[in-house]
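I have placed the structure first, in the form of structure tokens, so that the comments after it can refer back to it.
The values are calculated or read from the model by the stated rules, or taken from the named source; none is laboratory data. Since we're looking at a predicted model, the values are computed, not measured. Note: ideal-geometry Cβ built from the backbone for every residue, glycine included; neighbour counts use all protein chains shown. SASA here: full protein model, heavy atoms, side chains in, ligands and nucleic acids out. Shrake-Rupley method; radii C 1.70, N 1.55, O 1.52, S 1.80 Å.
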Amino acid sequence: MQAIEFKNVSFSYGDGDSRKEVLKDFSLTIKKGSFVALLGRNGSGKSTCAKLINGLLIPTSGTVTVFGMDTKDKSNLFEIRKRAGMVFQNPDNQQIASIVEDDVAFGPENIGVPRKEIKERIDYALSVTGTEEFRHSEVARLSGGQKQRVAIAGAIALLPEILILDESTSMLDPKGRKEVMEVVRTLNREKGMTVIDITHYMDEAVEADEICIMDNGVITAQGTPNQVFAQKELIAKCGLELPVSAKIAEKLKSAGLPLPEGILTKEALSDKLCELLRKI
Amino acid sequence: MLSEVTFGQYYPSKSFVHRLDPRVKILLLIAYIVMIFTAQNFLGLIASLLFLSLTIIFSGVPIGSVLKSIKAILFLVIFTAILNILFYSPKQGDTHLFWVVYVEGLISAGFLALRLISLVMGSSILTLTTTPVSLTDGIESLLSPLKLVKFPVHDLALIMSIALRSIPTLANETERIINAQKARGADFDSGNIIKKAKALVPVLIPLLISAFRRGDELGDAMDARCYSGSKVRTKYKKLTLSVRDLIAFLVTVVAFAGVILLNIYELNVLAYFAKIWG
Ligand SMILES: Nc1ncnc2c1ncn2[C@@H]1O[C@H](COP(=O)(O)OP(=O)(O)OP(=O)(O)O)[C@@H](O)[C@H]1O
Ligand SMILES: [Mg+2]
């Protein structure tokens with residue numbers, strides 16, 4: 001069974017004159033255990049997509065299913081939200097309690113987990129996100145990256161199989177971003193969690209197994225980072241850029257260096273450059 | 001600086017009083033207040049002040065912090081005391097000093113002032129030794145019998161808890177908006193009170209709008225974490241009573257009994273002291 005399936009989904013905000021169609025006949029399948037980056041310019045419909053997955057929004061037509069459960073059926077919502085956790089952009093707007101452990105406990109409390117197991121889940125969520133040392137701290141006193149890791153811990157405490165990150169790293173500095181991405185990658189590789197990472201950072205997207213690009217409410221490209229970033233015109237047309245290392249490689253190539261295609265990461269670029277140096 | 005403002009005036013420590021169960025502390029504060037109003041004479045009041053001093057000593061809170069709480073009500077205390085002196089209705093045998101002032105009037109005013117001061121000092125011990133979070137937990141637990149009459153105790157506690165946790169966020173936001181308005185030439189510091197109040201309007205409106213936006217997102221975040229009211233909800237935090245709480249309870253009972261005895265045997269006690277001092 002697929003983790004998430006959008007089948008011919010249309011969605012509009014508002015009605016009457018203010019009606020705004022955001023998704024049009026949108027179809028997308030996300031495999032269990034995959035790490036998908038969802039890219040697209042501002043207003044392309046990424047957040048709408050994310051909110052359709054856990055039933056915060058319901059499609060106007062078409063169906064969204066999570067592990068085969070239709071989000072339209074209200075009786076499924078509890079189970080869907082349990083299995084698809086979501087972390088939002090601003091850590092300040094998703095915190096419920098003042099103290100870290102109380103905040104992490106909020107999800108398990110909601111689904112009626114017994115007290116002893118809540119404690120185990122808090123232990124687990126804090127250790128996976130590396131936030132044990134803040135357990136009894138006030139969330140307000142943490143840094144942005146730490147807060148966002150606590151928010152991830154809050155989502156993970158529900159033991160979801162899918163984790164949706166809606167620009168969860170966008171308010172963080174490079175260090176905070178790295179902290180959060182490391183946590184997410186571990187969850188994907190070691191716990192087999194399906195991850196959907198909505199982001200504007202191309203360098204973050206390159207690390208995904210699969211990239212989907214949205215524009216104007218439809219998927220315009222889908223594939224491995226190499227496949228997607230090879231389509232340079234399309235990338236530009238969708239209002240996006242290549243990863244920094246790819247841009248540098250392009251520049252070097254046009255300056256005459258014999259670099260191969262498909263360099264996307266810092267590591268790949270430095271490897272290839274070293275190879276060239278050794279040949280000289 | 002604004003962001004440093006946390007609600008209340010909690011003084012962090014691990015003292016005996018700090019570690020008491022918040023429910024016990026709330027109940028004992030109520031008992032203390034009743035005790036002050038039960039005391040009919042200075043001896044009783046002094047006994048309750050002794051009890052208060054004992055609490056302060058075992059709370060490890062510097063006396064200065066406790067006294068600071070009086071500052072806020074000093075005006076009220078002086079004002080009521082003066083009214084008491086001016087409007088004292090003399091009884092037969094009272095000692096007249098001058099104008100409308102009687103010795104007995106002075107004494108009753110002093111008694112009232114002392115009562116008010118001990119009241120405020122006692123309450124401030126509670127907020128100095130209990131974090132707002134555990135205070136909320138305590139209130140929720142104490143109110144929980146009201147669930148039987150369908151009173152939404154859980155929702156109330158959640159609202160309080162979200163309100164508490166929003167204070168630093170909104171304080172930060174206020175500071176940001178004030179700075180933004182200052183950068184646009186707003187003037188918050190000059191003019192009379194009315195002018196200053198008016199200057200705050202362009203701060204409050206963006207603050208309100210942003211609070212609504214945050215509330216909206218928070219609602220989504222709560223839904224995403226399976227919030228569905230109190231139907232199946234369990235609670236992680238559990239308040240447990242310990243020996244410590246029992247000790248505090250017993251000490252309070254003794255103090256209360258002392259105050260009542262002093263009410264009844266005031267004259268005997270005075271006579272006893274008179275005999276000792278010859
Ligand atoms: N609550 C709403 N009511 C009305 N229109 C909305 C609402 N939320 C989003 N929209 C509109 O829907 C479109 C898609 O929004 P969405 O938030 O999904 O974009 P996005 O891809 O997440 O953009 P960004 O990168 O800026 O986060 C936008 O044009 C936006 O104006
Ligand atoms: Mg968005």
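In nm, to one decimal, how far is the modelled label at residue B:76 from the one at residue A:119, with both set 7 Å along Cα→Cβ?
Simple spin-label model gives 4.2 nm for this pair.
Of chain B, which part is the longest with no chymotrypsin sites (Phe, Trp or Tyr not before Pro) in a loop (DSSP not H, G, I, E, B) and with at most 12 other C-beta atoms within 10 angstrom?
Looking at chain B, B:100-276 is the longest stretch - no exposed chymotrypsin sites (Phe, Trp or Tyr not before Pro) with at most 12 other Cβ atoms within 10 Å.
Amide H of residue A:195: which non-local residues (sequence gap of 5 or more, or other chain) have their own amide H closer than 5 Å, using H built in the peptide plane?
Hits under the 5 Å cutoff: A:34, A:35, A:36, A:163.
Please work out the ratio of the alpha-carbon Rg of segment A:4-226 to 2.2 N^0.38 Å and round it to two decimals.
1.00
Per DSSP H run of at least 4 residues, take -39500 (n - 2.57); add these up for chain B, divide by its residues and hand me the 222 nm value, nearest 500 deg cm²/dmol.
-24000 deg cm²/dmol
Which whole-Hz couplings ³J(HN,Hα) result when phi for each residue of segment B:263-274 is put into the Karplus expression 6.51 cos²θ - 1.76 cosθ + 1.60, θ = phi - 60°, listed in order with x for Gly and Pro?
Once rounded to whole Hz, the list reads 4, 6, 9, 3, 4, 4, 4, 4, 4, 4, 5, 4.
Can you run phi through the Karplus equation (6.51, -1.76, 1.60; θ = phi - 60°) for segment A:265-274 and list ³J(HN,Hα) in whole Hz, with x for Gly and Pro?
Along segment A:265-274, the couplings run 10, 3, 4, 4, 4, 5, 4, 5, 5, 5 Hz.
I need to check one value: relative contact order of chain A, counting alpha carbon pairs closer than 8 Å and at least 6 residues apart, in percent.
Value for chain A: 21 percent.
Where in segment A:31-72 does accessible area fall by at least 30 Å² between the isolated chain and the complete protein assembly, at a 1.4 Å probe radius?
Those residues are A:56.
Of all beta bridges DSSP finds with both residues in the protein assembly as shown, what is the antiparallel percent, to the nearest 5?
DSSP beta bridges in the protein assembly as shown are roughly 55 percent antiparallel.
Mean shadow of segment B:65-122, computed from the convex hull of its alpha carbons, in nm²?
4.1 nm²
State the extension gain, in nm to one decimal, for the chain segment bounded by residue B:187 and residue B:148, taking 0.36 nm per residue of separation less the distance between their alpha-carbons.
Between residue B:187 and residue B:148, full extension yields 8.7 nm more.
Per residue, how many Å² of accessible area does segment B:152-224 show with a 1.4 Å probe?
Counting only protein heavy atoms, the per-residue value for segment B:152-224 is 59 Å².
Of all alpha-carbon pairs in chain B, indicate the percentage at a distance above 22 angstrom.
The calculated P(r) of chain B puts 71 percent of pairs beyond 22 Å.
Can you give me the Cα centroid spacing of segment B:169-207 and segment A:39-58 in angstrom?
Going from one Cα centre to the other spans 36 Å.
Could you state the number of Å between the C-alpha centres of segment B:82-158 and segment A:136-188?
Going from one Cα centre to the other spans 46 Å.
Set the Förster radius R0 to 41 Å, insert the Cβ-Cβ distance between residue A:74 and residue B:68 as r into 1/(1 + (r/R0)^6), and round the FRET efficiency to 0.05.
After rounding to 0.05, the efficiency reads 0.15.
Could I have the simple spin-label model distance between residue B:100 and residue B:261, label points 7 Å from Cα toward Cβ, reported in nm to one decimal?
Label at residue B:100, label at residue B:261, 4.2 nm between them.
Please report the relative contact order for chain B, taking Cα pairs under 8 Å with a sequence separation of at least 6, and give it as a percent rounded to a whole number.
Over chain B, the number comes to 32 percent.
Return the carbon/sulfur percentage of the accessible area of the protein assembly as shown, one whole number, probe 1.4 Å, all protein chains in place.
62 percent
For the residue pair residue A:237 and residue B:108, what label-to-label distance in nm results when each label sits 7 Å from Cα along the Cα-to-beta-carbon direction?
About 9.3 nm separates the two model spin labels.
List the pairs from B:25/B:235; A:32/A:82; A:74/A:116 whose alpha-carbon separation is above 19 Å, in the order I gave them.
In this structure, B:25/B:235; A:74/A:116 lie more than 19 Å apart at Cα.
Which of rounded, prolate, oblate describes segment B:190-278, given a ≥ b ≥ c as roots of the alpha-carbon gyration tensor eigenvalues and a/c under 1.5 marking rounded, otherwise prolate only if a/b is larger than b/c?
oblate
Taking beta carbons within 10 Å but only from partner chains, what does the mean come to for residues A:105-118?
Averaged over the peptide's residues, the number is 5.
Taking 22 Å as R0, compute the FRET efficiency from the Cβ-Cβ separation of residue A:60 and residue A:218 and round it to 0.05.
0.90
In a solvent-free Debye calculation with one equal scatterer on each Cα, what is log10 I(q)/I(0) for segment B:152-224 at q = 0.14, 0.21, 0.24, 0.27 Å⁻¹, listed in the order of the q values?
-0.58, -0.95, -1.10, -1.24
Could you let me know the centre-to-centre spacing of segment B:210-278 and segment A:59-111, using Cα atoms, in angstrom?
36 Å
Once you average over the residues of A:85-94, how many Cβ atoms of partner chains fall within 10 Å of each Cβ?
5
Under a Cβ-only charge scheme (Lys and Arg +1, Asp and Glu -1), can you give me the dipole magnitude of chain B about the Cα centre, in debye to the nearest 20?
So the magnitude is around 520 debye.
Please give the helix A:74-83 orientation as an angle from the longest Cα principal axis of chain A, in degrees from 0 to 90, rounded to the nearest 10.
Helix A:74-83 sits at roughly 60 degrees to that axis.
Considering only DSSP beta bridges whose two residues both sit in segment A:4-226, what percent are antiparallel, to the nearest 5?
55 percent
Nearest 10 degrees is fine. How inclined is helix A:244-254 to the longest principal axis of chain A, computing both from alpha carbons?
10 degrees
Find the sum over both chains of the accessible area lost when A and B are paired, probe 1.4 Å, and report it in Å² to the nearest 100.
The buried area between A and B, both sides summed, comes to about 3100 Å².
Let's see if you can work this out: charge +1 on each Lys and Arg Cβ, -1 on each Asp and Glu Cβ, no other charges. What is the dipole magnitude of segment B:152-224 about its Cα centre, in debye to the nearest 20?
Here the size comes out at about 480 debye.
Once you have all Cα-Cα distances for the protein assembly as shown, histogram them in 20 Å bins from zero and send the whole-percent values.
Values per bin, smallest distances first: 16, 39, 27, 13, 5, 1.
Can you figure out the FRET efficiency of residue A:27 with residue B:228, using R₀ = 35 Å and their beta-carbon distance, to the nearest 0.05?
The value I calculate is 0.70.
In degrees between 0 and 90, to the nearest 10, how far off the longest principal axis of chain B does helix B:201-224 point, with axes built from Cα atoms?
Between the helix axis and the principal axis of chain B, the angle is about 70 degrees.
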